[in-house]
Amino acid sequence: MPAIYATEPKYICPIAPLHNIALSFLYRTRLRKQLMLLDQYGSATEVWRHVDEPGMDEAMERAKQECEWIAEHGIRVWTIEDEDYPIRLKQCTDRPTVLYSKGHVDLGKGHFVSIVGTRRPTERGKELTSLFVRELHEQLEQLTIVSGGAYGIDIAAHRAAIECGIPTIIVPAHGLDRIYPYVHRQDAIKALEHGGLLTEFMSGTEPIAPNFVQRNRIVAGLSEATVVVESRERGGSLITARMAVDYNRALFAFPGRPNDESSRGCNRLIQSRHAQLINNAADLINAMEWTTRATHKTPVQTKIVGLLDNLSPSQQLLLGKIQEAEEGMHINHLVMETEMPYGDVSSDLMMLEMQGLIRAIPGGFYRIQ
């Protein structure tokens, strides 16, 4: 049992979720059957009163065990019958009938953006994910980042959100009695402070392959927009992208060079016109027609203003050039544009980096910190 569930408030699981949980267990591989019965009888309690199926006693016993577990560990249960069930997810034809959440999960406020991608990203992909989340945070008042908690782009998006202090929702492919992959346990703990974990799987559910595909529809369904940062020709992120399109949600992708293996999936989404090409957060915000903060100075901009007088003219020149480039500038381009000697540029860049105004990224590029 993960330590994050060790000292949590206890509460009594009311009778209605008990029947919902039992129904979801009885037809755990038959979601359409669950939805059909709920539509026919109006509630899980009424289904239990009118339906006689083999396995119902076992399902009820399992549901009681689950209710004891969620009460002991402070897990919240959302059912499809609840008024505060997430509205965007409710619009999906294959919506989960029961959800379990841990942490401070608010599914009703602000903009929700899902960020997905390959489990084997490039350094560019990880940097791009982090910058994109920061830019969204700087321009939007209320924002929640959603992803699956997997290796690569998923965890990069969660970590960027945690670093910015904005809510992030991890959607695992298993029950909330474990963290997979285990190496992301500390990230999950941090996510509980401003977001949390959300799943349709009961405790004891293993992270088997079909569950990852199943959970992808929650990642796509929760959000107004899904963004693919890097994706190979095949992968789970493309499944999530297809689901977003099926749900009539906005789909965006960052382009890559034609020969980049890690971007072939993104390029194909753009080429097929399933996804809209974006280069930064502003592109997404403009496409979605979202309202940005009226006036906002980032901490970096504030720091720059405070230190500007202490910089040499050449350092100010270099800083201005780097600010103009959204994805950073290569040292060779800075040499050409400023007509300064390479050694002087290198020395000034090091001074700017030491003052926390810029940062070096792999490949000789520099970007505003």
Which of (1) surrounded by fewer than 24 Cβ atoms within 10 Å (Cβ to Cβ); (2) within 14 Å of the chain's Cα centre (by Cα); (3) under 30 Å from R264 (Cα atoms) does G148 not meet, given it meets every other one? (1)
Any idea which of (1) more than 17 Å from the chain's Cα centre (by Cα); (2) open to solvent by 20 Å² or more (accessible area, probe 1.4 Å) is the one H73 doesn't satisfy? (2)
Being farther than 16 Å from S223 by Cβ and open to solvent by less than 50 Å² (accessible area, probe 1.4 Å) narrows it down to one residue among L131, L143, L136; which is it? L131
Out of (1) within 31 Å of the chain's Cα centre (by Cα); (2) open to solvent by less than 10 Å² (accessible area, probe 1.4 Å); (3) under 30 Å from N248 (Cβ atoms), the odd one out for E66 is which? (3)
Among (1) modelled with pLDDT of 95 or more; (2) farther than 18 Å from V113 by Cα; (3) open to solvent by 10 Å² or more (accessible area, probe 1.4 Å); (4) of a type outside the set (D, E, K, R), the one test that Y180 misses: (1)
Take the residues in the range 335-368 that are charged (D, E, K, R) and part of a strand (DSSP E or B); name whichever of them is least open to solvent (accessible area, probe 1.4 Å). R367
Restricting the range 198-213 to residues that are surrounded by fewer than 22 Cβ atoms within 10 Å (Cβ to Cβ) and within 16 Å of the chain's Cα centre (by Cα), the one farthest from L31 (Cα to Cα) turns out to be F212
Checking R232 against (1) assigned to a helix (DSSP H, G or I); (2) open to solvent by 50 Å² or more (accessible area, probe 1.4 Å); (3) touching a Ser or Thr at 6+ places or on another chain (Cβ under 6 Å), which single condition isn't satisfied? (1)
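With closer than 18 Å to I170 by Cα, out of contact with any Pro (no Cβ under 7 Å at 6 or more places or on another chain) and in a strand (DSSP E or B) as the only criterion, which of T240, T226 stands out? Steps first, answer last, please.
Working: T240 fails: in a strand (DSSP E or B).
Of T240, T226, the one residue that is closer than 18 Å to I170 by Cα, out of contact with any Pro (no Cβ under 7 Å at 6 or more places or on another chain) and in a strand (DSSP E or B) is T226.
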Considering only the range 77-105, how many residues are under 20 Å from M36 (Cβ atoms), open to solvent by less than 40 Å² (accessible area, probe 1.4 Å) and among the β-branched types (V, I, T)? 4
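Of everything in the range 245-297 that's among the basic types (K, R) and closer than 20 Å to G152 by Cβ, which residue is surrounded by the fewest Cβ atoms within 10 Å (Cβ to Cβ)? Before the answer, list the steps.
Initially, the range 245-297 is screened for residues among the basic types (K, R), giving 249, 257, 264, 268, 273, 293, 297.
Pick out the ones that are also closer than 20 Å to G152 by Cβ and you get 257, 264, 268.
Details: R257: 8, R264: 17, R268: 16.
Result: R257.
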What number of residues in the range 60-92 are in contact (Cβ under 8 Å) with a residue 24 or more places away in the chain and within 15 Å of L31 (Cβ to Cβ)? 4
Scan of the range 251-281 for residues that are part of a loop (DSSP other than H, G, I, E, B), in contact with a helix residue (DSSP H, G or I) (Cβ under 8 Å, 6 or more places away or on another chain) and either farther than 23 Å from A325 by Cα or not charged (D, E, K, R) (or both), ordered by number: F254, P255, G256, P258, H274, A275, I278, N280
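The values are calculated or read from the model by the stated rules, or taken from the named source; none is laboratory data. Keep in mind it's a predicted model, so treat the numbers as computed, not measured. Note: ideal-geometry Cβ built from the backbone for every residue, glycine included; neighbour counts use all protein chains shown. Note: accessible area is taken over every heavy atom of the protein model, side chains too, but ligands, DNA and RNA are not part of it. Shrake-Rupley method; radii C 1.70, N 1.55, O 1.52, S 1.80 Å.
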